[in-house]
Amino acid sequence: MLTTSVTICQTGTSNCATIDDVQVDTGSNGLRLLASALPASLALPAVPSGGGVSGECAVFGSGYAWGAVRRADVRMAGQVPSRFRSI
């Protein structure tokens, strides 16, 4: 499995963490990380949705995962996306 390192930052700040060994899946979109992969010092704000928090269910070959959608600045290989989207 191809892996990479991804740097996640609180939006607009230099409070960042680099997460190593993130699996690259060219058949999916977006970035999905387990909350346990992030240090406690990197609190990412939830993306609001109406009166609650946005969530997403992702289906994988062996099951599914559910989690809140969070906002962050993301860098891979030193590159920053030209257009930011919620993750």
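For the range 17-59: of the residues being part of a strand (DSSP E or B) and either in contact (Cβ under 8 Å) with a residue 40 or more places away in the chain or among the hydroxyl-bearing types (Ser, Thr, Tyr) (or both), which is nearest to Val74 (Cα to Cα)?
So, considering only residues that are part of a strand (DSSP E or B) and either in contact (Cβ under 8 Å) with a residue 40 or more places away in the chain or among the hydroxyl-bearing types (Ser, Thr, Tyr) (or both), the one nearest to Val74 (Cα to Cα) is Thr18.
Scanning the range 50-65 for residues that are surrounded by 11 or more Cβ atoms within 10 Å (Cβ to Cβ), over 20 Å from Val6 (Cβ atoms) and at pLDDT 80 or above yields a count of 2.
Taking the range 66-87 as the range and being modelled with pLDDT under 80 and exposed (fewer than 14 other Cβ atoms within 10 Å of the Cβ) as the test, the residues that pass are Ala77, Gly78, Gln79, Val80, Pro81, Ser82, Arg83, Phe84, Arg85, Ser86. Out of Thr26, Thr18, Thr13, Thr4, one residue alone is modelled with pLDDT under 85 and of a type in the set (Val, Ile, Thr). It is Thr26.
Annotation note: of Val74, Val80, Val24, the sole residue that is within 12 Å of the chain's Cα centre (by Cα) and of a type outside the set (Asp, Glu) is Val74.
Would you pick out the residues in the range 9-37 that are under 14 Å from Gly67 (Cα atoms) and surrounded by 10 or more Cβ atoms within 10 Å (Cβ to Cβ)? Within the range 9-37, Gly30, Leu31, Arg32, Leu33, Ala35, Ala37 meet the criteria.
The values are calculated or read from the model by the stated rules, or taken from the named source; none is laboratory data. Treat the numbers as computed from the prediction; the structure is a model and nothing was measured. Every residue, glycine as well, gets a Cβ built from its backbone with ideal geometry; the counts of neighbours run over all protein chains shown.
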